[in-house]
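**Student:** Encoded as structure tokens, here's the structure I'll be asking about.
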Amino acid sequence: MPDPAVIFASVLNGITTGSIYALVALGLTLIYGVLHIINFAHGSLLMVALYAAFFCYTLLGIDPYLAMFLLVPAFFCVGYLLQRYIIAPIRFGRDQNVLIATVAVAMIVDNGALLLWTSTTRTIDVPYANGIIDLGVAFLPVSRVVAFFAAVVIALIFWAMMVFTDLGRAIRAVAREQHGARLVGINVDHIYATSFGIGTAGVAAAACLLLPSFYITPQVGYTFVLVAFTTVVLGGMGSFIGALVGGILLGVVEALSGLYLGESLGQIGIFLIFIIVLLVRPDGLFGRAAGA
Amino acid sequence: MSGEIKSTFGLALAALFFLCVPLFVKSDFGLGFFILCLLYSLLGQSWNILGGYAGQMSFGHSAFFGTGAYAMAILQLKLGVNPWLAALVALLAGAAIGAFIGSLSFRYGLKGSYFALVTLAFAEVMRVLANSFEFTGGGSGLLVPFKPGAANLQFSGRAAYYYLLLALVALATAIVWWIERSRFGSYLVAIREDEQAAQALGINTFRTKLIAMVLSAAVASLAGVFYIQYYLFVDSGIAFGPTMSIEAFLAPLIGGAGTLVGPLLGAFVLGGLGRLTEQLSGGAAGINLIGFGVLLLLILRFLPDGLAGLPRRIGKALQSRRGATQRA
């Protein structure tokens, strides 16, 4: 039985890692909630955003936190165009086509990155990378704490956008009743692409917050995509607060199962939760019941 | 000629061609290419039973492939079981995993994208398990010693492997051929097109889907058995990682899911494209997968029935043009 202090430290660590999962999952849950698309390319887009932030820092000297203001609009455009011109024309009324299309995009992007940037693991060295906050019983890296609060703020921004803006109302209308939305004059294709763009912009924000405390390889997308799916399913598809809580919960589960089961077997915790939630409660902890 | 005779004739011709391949292709390189394409065909045909006919898209077919490969390796290495018997046990093990995953997912009513995700998650669980225990070789995997001989199911030349694999592909294709003509196959297609309607007609959808899954898993585990006897090495990433799951659905989706020849067609197109991109790029890693991804997007966009649907599309286009000229 590990020392309570070790458990506490590992829970805290899990919370900060989980907030990063939540950050990645926020965009995914928006895309799922509106388009009912399972976007397999989400992790790959995160990977590209990480490289973009990396090169912003190494080539242009732009701090990752500042690069956010550049990358978020850029990735909005990437997501918008990807949905409008590559994914949407393939749908033919079948959600499974979209799933496969996003797998194809992920294959192209992942292996393209491997070709361009090789499988070398890269990290950046920012001045505040070694900054640590002492909580008495545990130490937390500054960049993780920043990511945690940023995740909360971004979840609130997403939520406020959905509730208080016209765009949010249009998105909710399309998500609820596509044909009705079209009848009242909403441009459904535009809303679809906009939602995909916002989800992708969320990935860019996540990448900028992640970079100071993380590494990049072309495979990093796949690692994240499954965790992000788990977060989204656990939190209830389309729920931002759910994604936030779900992500943090998963981070804690991962930290604890790593502590008790060892590094290799510990990875099983997340997948088991994923399977159990999918089987038993596919609407998630915070999701509306099916059909609502 | 009626369609039935025509297709039987076509199959016989294809069988003859494949039987003669080793007579003309002598190099290890050339035969290796055919073996790779046939391995894609076998995996693809396995996926086709469940994904193409029953409409249950699996993203975790490596769970069955990997079970076959690991069971075969462990039985030979750790328990000294005769390889032929081991192959049978590995087949049953793969089918059992299929029954387990299938009964859980179908019992809880998972379908569409949810089913795809849950199969992927099961494959990942198995990857983690295989990576964590001593008797599966942990992170370093399992290496099977090379002892050629028919009794050991290992051969010194590639031609023998080629014929073994060809027989497996023929078996899988025969299963699909039977499905196309049987009442069971009609049940599967009914479920694919409209599950609720199928249920209303009195089809036991749970049982039917489960049988399709078990069949599919059994065939995929045979691919794993072949893999370990041919490459003599397996680790958790090869066996249960996403690559094999992706290979399993690429061939049928490109060739035409839910058709008899689609997976075979797709497998050879993929194999050829892979070779081509490799040669053009000088063997850069991952470039073949970029090619596969682009091809998949193009097929989804312009030929949603896959390559096998191409002749019918052309026929339709010609017919409508002919009709137009007649009217004019």
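So that you can scan it fast, the table gives a plain yes or no per residue for (1) surrounded by fewer than 24 Cβ atoms within 10 Å (Cβ to Cβ); (2) within 14 Å of chain B (Cβ to nearest Cβ):
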position	(1), (2)
A:ARG176	yes, no
A:HIS179	yes, no
A:ARG182	yes, no
A:VAL188	yes, no
A:ILE191	yes, no
A:SER195	no, no
A:TYR215	yes, no
A:LEU234	no, yes
A:PHE240	no, no
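**Student:** Could you please find all residues in region B:296-311 being in contact (Cβ under 8 Å) with a residue 24 or more places away in the chain and either more than 18 Å from the chain's Cα centre (by Cα) or in a loop (DSSP other than H, G, I, E, B) (or both)?
**Tutor:** B:ILE299, B:LEU300, B:ASP305, B:GLY306, B:GLY309
The rows are residues; the columns are (1) in a helix (DSSP H, G or I); (2) among the small types (Gly, Ala, Ser); (3) modelled with pLDDT under 90; (4) closer than 16 Å to B:LEU250 by Cβ.
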| residue | (1), (2), (3), (4) |
| --- | --- |
| A:LEU99 | yes, no, yes, yes |
| A:ALA104 | yes, yes, no, yes |
| A:GLY112 | yes, yes, no, no |
| A:SER119 | no, yes, yes, no |
| A:ILE124 | no, no, yes, no |
| A:TYR128 | yes, no, yes, no |
| A:GLY136 | no, yes, yes, no |
| A:LEU140 | no, no, yes, no |
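**Student:** Condition check: surrounded by fewer than 20 Cβ atoms within 10 Å (Cβ to Cβ), within 14 Å of another protein chain (Cβ to nearest Cβ) and among the small types (Gly, Ala, Ser). Does A:GLY112 satisfy that? Break it down stepwise before answering.
**Tutor:** Working: surrounded by fewer than 20 Cβ atoms within 10 Å (Cβ to Cβ): yes; within 14 Å of another protein chain (Cβ to nearest Cβ): yes; among the small types (Gly, Ala, Ser): yes.
Against the criterion (surrounded by fewer than 20 Cβ atoms within 10 Å (Cβ to Cβ), within 14 Å of another protein chain (Cβ to nearest Cβ) and among the small types (Gly, Ala, Ser)), A:GLY112 qualifies.
**Student:** What tally of residues in region B:254-266 results from selecting those that are in contact (Cβ under 8 Å) with a residue 60 or more places away in the chain and within 12 Å of another protein chain (Cβ to nearest Cβ)?
**Tutor:** Residues flagged as in contact (Cβ under 8 Å) with a residue 60 or more places away in the chain and within 12 Å of another protein chain (Cβ to nearest Cβ) within region B:254-266 amount to 1.
**Student:** Here's a follow-up. Being over 21 Å from A:VAL72 (Cβ atoms) and assigned to a loop (DSSP other than H, G, I, E, B) is the filter here; which residues of region A:151-201 pass it?
**Tutor:** Listed by number, the residues that qualify are A:GLU177, A:VAL184, A:GLY185, A:ILE186, A:ASN187.
**Student:** Give me the residue from region A:49-66 that is in contact (Cβ under 8 Å) with a residue 60 or more places away in the chain and within 23 Å of A:VAL105 (Cβ to Cβ) and, out of that set, farthest from the chain's Cα centre (by Cα).
**Tutor:** Narrowing region A:49-66 to residues in contact (Cβ under 8 Å) with a residue 60 or more places away in the chain: A:49-54, A:57-58, A:63-65.
Applying the additional criterion that residues be within 23 Å of A:VAL105 (Cβ to Cβ) yields A:49-54.
Values: A:ALA49: 12, A:LEU50: 12, A:TYR51: 16, A:ALA52: 16, A:ALA53: 16, A:PHE54: 18 Å.
Restricting to residues being in contact (Cβ under 8 Å) with a residue 60 or more places away in the chain and within 23 Å of A:VAL105 (Cβ to Cβ), the top hit is A:PHE54.
**Student:** Can you name every residue in region B:107-143 that is more than 7 Å from chain A (Cβ to nearest Cβ) and surrounded by 20 or more Cβ atoms within 10 Å (Cβ to Cβ)?
**Tutor:** Across region B:107-143, the qualifying residues are B:PHE115, B:THR119, B:LEU120, B:ALA123, B:MET126, B:ARG127, B:ALA130, B:THR136, B:GLY137, B:LEU142.
**Student:** Still on this structure, please answer the following. Looking at region A:210-267, which of its residues are touching a strand residue (DSSP E or B) at 6+ places or on another chain (Cβ under 6 Å) and part of a helix (DSSP H, G or I)? Reasoning before the result, please.
**Tutor:** Restricting attention to region A:210-267, the residues satisfying the condition of being touching a strand residue (DSSP E or B) at 6+ places or on another chain (Cβ under 6 Å) are A:213, A:216.
Residue satisfying the conditions is A:SER213 alone.
**Student:** Let me ask you something else. Would you list the helices (runs of 4 or more DSSP H) that sit entirely within region B:174-287 and hold 1 or more residues that are more than 18 Å from the chain's Cα centre (by Cα) and farther than 30 Å from A:ILE268 by Cβ?
**Tutor:** Values: elements: B:183-193, B:195-200, B:205-231, B:236-240, B:242-255, B:262-281.
Filter on region B:174-287 gives B:183-193, B:195-200, B:205-231, B:262-281.
**Student:** Now for a different question. Please specify each residue of region A:67-99 satisfying the condition of being of a type in the set (D, E, K, R) and either within 12 Å of chain B (Cβ to nearest Cβ) or over 21 Å from the mean Cα position of the chain (by Cα) (or both).
**Tutor:** Initially, region A:67-99 is screened for residues of a type in the set (D, E, K, R), giving A:84, A:91, A:94-95.
A:ARG91, A:ARG94, A:ASP95 - these are the residues of region A:67-99 that are of a type in the set (D, E, K, R) and either within 12 Å of chain B (Cβ to nearest Cβ) or over 21 Å from the mean Cα position of the chain (by Cα) (or both).
**Student:** To continue, here is another question. B:LEU104 versus (1) outside any helix (DSSP H, G or I); (2) at negative phi; (3) within 14 Å of chain A (Cβ to nearest Cβ): which is the lone unmet condition?
**Tutor:** It fails just one condition, (1).
**Student:** Is it the case that region A:231-244 has a residue that's at pLDDT 85 or above, more than 25 Å from A:ARG281 (Cα to Cα) and not polar (S, T, N, Q)?
**Tutor:** no
**Student:** Condition check: within 14 Å of chain A (Cβ to nearest Cβ) and more than 30 Å from B:LEU143 (Cβ to Cβ). Does B:ARG301 satisfy that? Explain how you work it out, then say what you get.
**Tutor:** Numbers: within 14 Å of chain A (Cβ to nearest Cβ): yes; more than 30 Å from B:LEU143 (Cβ to Cβ): yes.
Spelling it out, B:ARG301 is indeed within 14 Å of chain A (Cβ to nearest Cβ) and more than 30 Å from B:LEU143 (Cβ to Cβ).
**Student:** Identify, from the list A:THR118, A:THR102, the residue that is within 14 Å of chain B (Cβ to nearest Cβ), at positive phi and among the hydroxyl-bearing types (Ser, Thr, Tyr). Don't jump to the end; show me each part of the working.
**Tutor:** Working: A:THR102 fails: at positive phi.
None of the others qualify; the one that does is A:THR118.
**Student:** Tell me whether region A:134-146 contains one or more residues that are within 30 Å of A:TYR192 (Cβ to Cβ) and crowded, with 21+ Cβ neighbours inside 10 Å. First the steps, then the outcome.
**Tutor:** Restricting attention to region A:134-146, the residues satisfying the condition of being within 30 Å of A:TYR192 (Cβ to Cβ) are none.
Within region A:134-146 (the criterion being within 30 Å of A:TYR192 (Cβ to Cβ) and crowded, with 21+ Cβ neighbours inside 10 Å), the answer is no, since none of the residues qualifies.
**Student:** Restrict the check to region A:261-279 and report whether at least one residue is acidic (Asp, Glu) and out of contact with any helix residue (DSSP H, G or I) (no Cβ under 8 Å at 6 or more places or on another chain).
**Tutor:** Looking only at region A:261-279, we keep the residues that are acidic (Asp, Glu), and these are A:263.
Restricting the remaining residues to those that are out of contact with any helix residue (DSSP H, G or I) (no Cβ under 8 Å at 6 or more places or on another chain) gives A:263.
Yes, the conditions are met somewhere in region A:261-279.
**Student:** Let me ask something else about it. Just one of the numbered conditions (1) in contact (Cβ under 8 Å) with a residue 24 or more places away in the chain; (2) in contact with a helix residue (DSSP H, G or I) (Cβ under 8 Å, 6 or more places away or on another chain) is not true of B:LEU143; which one?
**Tutor:** Unmet for B:LEU143, out of (1) in contact (Cβ under 8 Å) with a residue 24 or more places away in the chain; (2) in contact with a helix residue (DSSP H, G or I) (Cβ under 8 Å, 6 or more places away or on another chain): (2).
**Student:** Confirm whether B:PHE135 is touching a residue at least 40 places away in the same chain (Cβ under 8 Å) and in contact with a strand residue (DSSP E or B) (Cβ under 7 Å, 6 or more places away or on another chain). Walk me through it before giving the result.
**Tutor:** Working: touching a residue at least 40 places away in the same chain (Cβ under 8 Å): yes; in contact with a strand residue (DSSP E or B) (Cβ under 7 Å, 6 or more places away or on another chain): no.
No: the conditions fail for B:PHE135.
**Student:** Still on this model: Considering only region B:132-142, I want to know if a residue exists there that is on the phi > 0 side of the Ramachandran plot, part of a helix (DSSP H, G or I) and not hydroxyl-bearing (Ser, Thr, Tyr).
**Tutor:** As a first pass, look at region B:132-142 and keep what is on the phi > 0 side of the Ramachandran plot: B:137-138, B:141.
With part of a helix (DSSP H, G or I) added as a condition, the list becomes B:138.
Then keep just the ones that are not hydroxyl-bearing (Ser, Thr, Tyr); that gives B:138.
The answer is yes, given that some residue of region B:132-142 is on the phi > 0 side of the Ramachandran plot, part of a helix (DSSP H, G or I) and not hydroxyl-bearing (Ser, Thr, Tyr).
**Student:** Suppose the filter is within 27 Å of B:ARG127 (Cα to Cα) and in contact with a helix residue (DSSP H, G or I) (Cβ under 7 Å, 6 or more places away or on another chain); does B:PHE240 pass it? Working first, answer last.
**Tutor:** On the way: within 27 Å of B:ARG127 (Cα to Cα): yes; in contact with a helix residue (DSSP H, G or I) (Cβ under 7 Å, 6 or more places away or on another chain): yes.
Yes, satisfied.
**Student:** Now a separate question. Which one of the conditions (1) farther than 19 Å from B:ALA170 by Cβ; (2) within 22 Å of the chain's Cα centre (by Cα) does B:LEU77 fail to meet, given that it meets all the rest?
**Tutor:** Exception for B:LEU77: condition (2).
**Student:** If you don't mind, another one. When region B:59-78 is examined, which residues are found to be in contact with a helix residue (DSSP H, G or I) (Cβ under 8 Å, 6 or more places away or on another chain) and either surrounded by fewer than 18 Cβ atoms within 10 Å (Cβ to Cβ) or not in a helix (DSSP H, G or I) (or both)?
**Tutor:** Taking region B:59-78 and keeping what is in contact with a helix residue (DSSP H, G or I) (Cβ under 8 Å, 6 or more places away or on another chain), we get B:59-76, B:78.
B:PHE59, B:GLY60, B:HIS61, B:LYS78, listed by residue number.
**Student:** Please enumerate the residues belonging to region B:272-298 that are more than 7 Å from chain A (Cβ to nearest Cβ) and closer than 13 Å to B:ALA251 by Cβ.
**Tutor:** At the first step, the residues of region B:272-298 found to be more than 7 Å from chain A (Cβ to nearest Cβ) are B:272-283, B:288, B:291, B:295, B:298.
B:GLY272, B:LEU273, B:GLY274, B:LEU295 - these are the residues of region B:272-298 that are more than 7 Å from chain A (Cβ to nearest Cβ) and closer than 13 Å to B:ALA251 by Cβ.
**Student:** Out of (1) surrounded by 24 or more Cβ atoms within 10 Å (Cβ to Cβ); (2) without any contact (Cβ under 8 Å) to a residue 60 or more places away in the chain; (3) more than 14 Å from chain A (Cβ to nearest Cβ), the odd one out for B:ALA239 is which?
**Tutor:** So the condition that B:ALA239 fails would be (2).
**Student:** Okay, moving on. Could we say that A:PHE148 is in contact with a strand residue (DSSP E or B) (Cβ under 9 Å, 6 or more places away or on another chain) and in a helix (DSSP H, G or I) here?
**Tutor:** Numbers: in contact with a strand residue (DSSP E or B) (Cβ under 9 Å, 6 or more places away or on another chain): yes; in a helix (DSSP H, G or I): yes.
Spelling it out, A:PHE148 is indeed in contact with a strand residue (DSSP E or B) (Cβ under 9 Å, 6 or more places away or on another chain) and in a helix (DSSP H, G or I).
The values are calculated or read from the model by the stated rules, or taken from the named source; none is laboratory data. Just so it is clear, the model here is predicted, and its values are computed rather than measured. A quick note on method: Cβ atoms are made from the backbone with ideal geometry, for glycine too, and the neighbour counts reach across all protein chains shown.
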